[in-house]
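A.B. asks: Just passing along the structure, written as structure tokens.
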Amino acid sequence: MSPSPTIVRTVPALRRAVDRLRARQATIALVPTMGALHDGHMALVALAKRRAKKVIVSIFVNPTQFAPSEDFSSYPRTWKADLGKLAAENVDLIWNPDVETMYPQGFATRITPEGPATVGLEDRFRPHFFGGVATVVGKLFAQVRPDFAIFGEKDFQQLRVVARMARDLDLGVKVIGSKTVRERDGLAMSSRNVYLSGEQRVVAAVLYRAMKQSAARLQAGYDIQAAMASGAEMITEAGFELDYFEVRDAETLAPIASVKHGPMRILVAARLGTTRLIDNIAV
Ligand code: PAF
């Protein structure tokens with residue numbers, strides 16, 4: 001049987017536990033999560049284990065990144081199953097603060113990221129989101145002081161925002177992206193996939209096929225508008241409401257003018273019924 005990871009719920013207990021892990025200069029990798037762990041999260045843990053001697057996973061459903069109309073209260077919470085998965089991977093420590101610990105009475109500070117956080121993708125549809133993410137991730141970095149932090153490429157704009165914040169604020173943590181883990185039909189794993197009905201689950205795989213088709217057309221030299229229009233059409237014809245389907249510079253996420261651009265990324269967000277899915281691939 002795997003030993004149970006230590007679970008801490010207060011900042012002083014976290015500090016003591018991190019000091020113990022740091023003994024003999026061990027390196028630490030942090031995997032920030034909101035729980036509801038799936039194989040995509042476990043790939044982040046596996047990468048963390050390759051990068052550092054000790055692995056800390058935070059589980060905190062962060063209210064400040066949800067708008068009042070979003071799914072904070074119904075967001076899947078699967079503590080027992082999460083614990084089993086992390087124990088099976090021999091994670092060293094689980095940081096599981098409650099809302100009062102992260103945002104005590106009178107909390108009045110918020111990080112407002114710019115650059116990749118204001119390029120008109122997720123920020124256009126979820127204007128509160130990156131401020132909430134940057135604030136909580138800034139706190140997690142300050143609390144844990146990890147050498148490495150692992151984020152999924154599935155939330156590609158978030159990855160770019162957090163990496164920029166760590167650099168800009170000299171936080172001393174190397175932010176590492178981990179490849180998106182997909183179901184057999186290409187759907188990116190996500191905690192929100194549980195919201196999909198059986199029928200929607202089948203339709204959802206169209207997102208990946210549409211991105212692949214547009215990527216192939218960009219690589220074949222089609223002009224950007226034509227290449228992207230074909231993918232967007234596939235998505236809306238399948239029954240999605242499209243928020244965006246765009247190709248951007250892979251580093252800055254700025255719009256691009258020509259297919260001769262360097263590394264590019266196709267990013268999509270679309271709604272199927274009440275479920276909003278996001279995904280992206282490299283071009
Ligand atoms: O990607 C997530 O699960 C969350 O946005 C994160 C990074 C854990 C911050 O709450």
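A.B. asks: For THR112, work out the one condition from (1) more than 14 Å from the ligand (Cβ to nearest atom); (2) polar (S, T, N, Q); (3) in a helix (DSSP H, G or I) it doesn't fulfil.
C.D. replies: (3)
A.B. asks: Scan the stretch 142-159 residue by residue and report those that are over 9 Å from GLY177 (Cβ atoms) and open to solvent by 20 Å² or more (accessible area, probe 1.4 Å).
C.D. replies: If the condition is that a residue be over 9 Å from GLY177 (Cβ atoms) and open to solvent by 20 Å² or more (accessible area, probe 1.4 Å), then ALA142, ARG145, ASP147, PHE148, LYS154, ASP155, GLN158 are the ones that fit.
A.B. asks: Just wondering, is there one or more residues in the stretch 44-64 that are part of a loop (DSSP other than H, G, I, E, B), on the phi > 0 side of the Ramachandran plot and of a type in the set (A, V, I, L, M, F, W, C)? Let's see the steps before the verdict.
C.D. replies: First pass over the stretch 44-64, keeping only residues part of a loop (DSSP other than H, G, I, E, B): 52-53, 60-62.
If we keep only those that are on the phi > 0 side of the Ramachandran plot as well, we get none.
No, the stretch 44-64 contains no residue that is part of a loop (DSSP other than H, G, I, E, B), on the phi > 0 side of the Ramachandran plot and of a type in the set (A, V, I, L, M, F, W, C).
A.B. asks: What is the residue count in the stretch 214-229 for residues that are crowded, with 16+ Cβ neighbours inside 10 Å and closer than 13 Å to GLU246 by Cα? Give the derivation first.
C.D. replies: If we filter the stretch 214-229 for residues that are crowded, with 16+ Cβ neighbours inside 10 Å, which is where we start, we get 214-215, 217-218, 222, 224, 227-228.
Checking the rest, the ones that are also closer than 13 Å to GLU246 by Cα come to 214-215, 218, 224, 227-228.
Within the stretch 214-229, residues that are crowded, with 16+ Cβ neighbours inside 10 Å and closer than 13 Å to GLU246 by Cα number 6.
Residues are listed down the side, and each one gets a yes or a no for (1) open to solvent by 40 Å² or more (accessible area, probe 1.4 Å); (2) farther than 29 Å from LYS53 by Cβ; (3) assigned to a helix (DSSP H, G or I):
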{"position": "ASN90", "(1), (2), (3)": "yes, no, no"}
{"position": "ILE94", "(1), (2), (3)": "no, no, no"}
{"position": "GLY106", "(1), (2), (3)": "yes, yes, no"}
{"position": "ASP123", "(1), (2), (3)": "no, yes, yes"}
{"position": "PRO127", "(1), (2), (3)": "yes, yes, no"}
{"position": "PHE130", "(1), (2), (3)": "no, yes, yes"}
{"position": "VAL136", "(1), (2), (3)": "no, no, yes"}
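A.B. asks: Which one of these is under 30 Å from ALA48 (Cα atoms) and of a type in the set (S, T, N, Q): THR252, THR236? Show your work before the answer.
C.D. replies: Numbers: THR236 fails: under 30 Å from ALA48 (Cα atoms).
From the options THR252, THR236, the qualifying one is THR252.
A.B. asks: Something else about it: Would you tally the residues in the stretch 19-64 being in contact with a helix residue (DSSP H, G or I) (Cβ under 7 Å, 6 or more places away or on another chain), more than 16 Å from the ligand (Cβ to nearest atom) and open to solvent by 10 Å² or more (accessible area, probe 1.4 Å)?
C.D. replies: Adding up the residues that qualify gives 1.
A.B. asks: Need a quick list: strands (runs of 3 or more DSSP E) entirely within the stretch 160-278 having at least 3 residues that are in contact (Cβ under 8 Å) with a residue 12 or more places away in the chain and closer than 19 Å to PHE125 by Cα.
C.D. replies: Correct list: 241-249, 264-272.
A.B. asks: Can you find a residue that is away from the ligand (no atom under 14 Å from the Cβ) and farther than 30 Å from ARG248 by Cα anywhere in the stretch 127-138? Write out each step before concluding.
C.D. replies: First pass over the stretch 127-138, keeping only residues away from the ligand (no atom under 14 Å from the Cβ): 127.
Next, only the ones that are farther than 30 Å from ARG248 by Cα stay: none.
Scanning the stretch 127-138, I find no residue that is away from the ligand (no atom under 14 Å from the Cβ) and farther than 30 Å from ARG248 by Cα, so the answer is no.
The values are calculated or read from the model by the stated rules, or taken from the named source; none is laboratory data. Just so you know, these numbers come straight off a predicted model, no measurement behind them. In this analysis, Cβ positions are derived from the backbone assuming ideal geometry, glycine residues included, and neighbour counts consider all displayed protein chains. Ligands, DNA and RNA are excluded from the accessible area calculation, which covers all protein heavy atoms including side chains. Shrake-Rupley method; radii C 1.70, N 1.55, O 1.52, S 1.80 Å.
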